[in-house]
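J.: The structure that follows is given in the form of structure tokens.
The values are calculated or read from the model by the stated rules, or taken from the named source; none is laboratory data. For clarity, every value in this text was computed on a predicted model and none was experimentally measured. Every residue, glycine as well, gets a Cβ built from its backbone with ideal geometry; the counts of neighbours run over all protein chains shown. The area values use the complete protein model at the heavy-atom level, side chains included, leaving out ligands, DNA and RNA. Shrake-Rupley method; radii C 1.70, N 1.55, O 1.52, S 1.80 Å.
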Amino acid sequence: MRKTFLTESLARLLRGAIGIACLAAACVSCETHSNSDRSESIAVYADPIEKKPVDAVYVGVQGGQAKIYAEANVDFVASWEDDADMPWAAVLDDTAVDPLTGCRIVTLDVQRRVETGCYYTRRTGMLILAATDGTLNYNRIVPVHQGSTARVSNDFSSMKYGKTDPRFTDDETPIDDWTTAQKDYGFSSTTIDGEEHAHCYGKNGYLKLGDDEGHGADLISPYTNTLRSDSMLMVSFRAVAYTDFYTGAKDDNKIKVEVLDGGVIADFADTGKTSIELEAAYYDPRSDEFPENMWEGSDLLVFVVGTQLNPITVNTRIRISCGSFTQTSPVNNRIFLDNFYIRRLEADEENYFTENNGSGKDIILGAPLEEGQE
């Protein structure tokens, strides 16, 4: 089907950078928000009963069908645009009517955020509701968001120390000896009294906390002033504990996640607790796919909220720790970390906290794919 001039212009803009302001500037007589001085009107709702006009809508990271509701005094047709090589959503139907409210229903077929793995960082496309009467030159453009805005993100792919296999310590490098560029990421680690350096090590594409002599270690996230206006955050990372190839002996897999200098763990908002204890998964060193599959089932989510007594601030940071910091432990507690993110959660988007049953193992994108999702 040949694209209209409007669609072609939008596609060019979206490939460069998706932005409501850019789209509004490029489209003459296009409505990009819920308020308009024109007599024509297309109001968009997330909930047809509440009928609260929205300027953007959110779809789930697991994909599937998403319904968007519209009330209009003009007939319209819906289309989809995004900047991906293969569009991540498509309009399935725009003709159905909700029998209770009379709203038109636009049904989108939405792709899962990623085919495999747990990646929540936001992507945005545009739902275009265009009046079918060409003389009106009237369109409603609605941003559609999937995922959340990242405040801190690092997959540690710049770490090129030693071997990918976690069992080998050759050339792993303590945080104090990282390159200037790697130190500029802003992560820090605590040096135990009497030790020469912190026992946080750069590996090949990931990090290690602790060592084989019973020393504990931590990783503290960078400062970022982008958190100052946030009220809820989602921290995500991968964590696996050491297993010996020859004996099968396993290190302690306990880890502690703390909120420093502003905010509390959402699971304990009523009591104001700022830390939570979690367990890392264990990799299987005898798997035929090891070490490529060492991170399977290792994704964790921790939710942080600001309260009246302890709001999130520009100084808020996240600390992940394991093992003892006061004495050498007889039990090793080596933990491998990867894919660290802090993401802002907005009130109107997907309720990850409830969907995941609170902080802990990621059961949203971390759950096994259902048949047909692969």
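J.: Could you tell me how many of the residues in the stretch 346-374 are open to solvent by less than 50 Å² (accessible area, probe 1.4 Å), part of a loop (DSSP other than H, G, I, E, B) and modelled with pLDDT of 95 or more?
T.: Qualifying residue count, the stretch 346-374: 6.
J.: In the stretch 157-172, how many are among the polar types (S, T, N, Q) and crowded, with 18+ Cβ neighbours inside 10 Å?
T.: Residues meeting the conditions: 0.
J.: Looking at the structure I just gave you, is Pro99 in a loop (DSSP other than H, G, I, E, B), open to solvent by 60 Å² or more (accessible area, probe 1.4 Å) and under 20 Å from Asp47 (Cβ atoms)?
T.: Here the answer is yes, as Pro99 does meet what is asked.
J.: Please give the number of the condition Tyr58 fails out of (1) aromatic (Phe, Trp, Tyr); (2) touching a residue at least 60 places away in the same chain (Cβ under 8 Å); (3) open to solvent by less than 50 Å² (accessible area, probe 1.4 Å).
T.: The single condition Tyr58 does not satisfy is (3).
Table: residues versus (1) among the charged types (D, E, K, R); (2) in a loop (DSSP other than H, G, I, E, B).
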| position | (1), (2) |
| --- | --- |
| Asp267 | yes, no |
| Trp295 | no, yes |
| Leu309 | no, yes |
| Val314 | no, yes |
| Ile318 | no, no |
| Pro330 | no, yes |
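J.: Please specify each residue of the stretch 193-222 satisfying the condition of being over 21 Å from Asp261 (Cα atoms), open to solvent by less than 30 Å² (accessible area, probe 1.4 Å) and either among the aliphatic types (A, V, I, L, M) or assigned to a loop (DSSP other than H, G, I, E, B) (or both).
T.: Those that are over 21 Å from Asp261 (Cα atoms), open to solvent by less than 30 Å² (accessible area, probe 1.4 Å) and either among the aliphatic types (A, V, I, L, M) or assigned to a loop (DSSP other than H, G, I, E, B) (or both): Ala198, His199, Lys203, Gly205, Tyr206, Leu207, Leu209, Gly210, Asp211, Gly214, His215, Gly216.
J.: Here's a check for you: in the stretch 287-332, which residue that is among the charged types (D, E, K, R) and buried (at least 17 other Cβ atoms within 10 Å of the Cβ) is farthest from Leu207 (Cα to Cα)? Steps first, answer last, please.
T.: The initial filter retains those residues of the stretch 287-332 that are among the charged types (D, E, K, R), namely 288-289, 292, 296, 299, 317, 319.
Adding the requirement that they be buried (at least 17 other Cβ atoms within 10 Å of the Cβ) leaves 296, 299, 317, 319.
On the way: Glu296: 16, Asp299: 15, Arg317: 18, Arg319: 14 Å.
Residue satisfying both the conditions and the ranking: Arg317.
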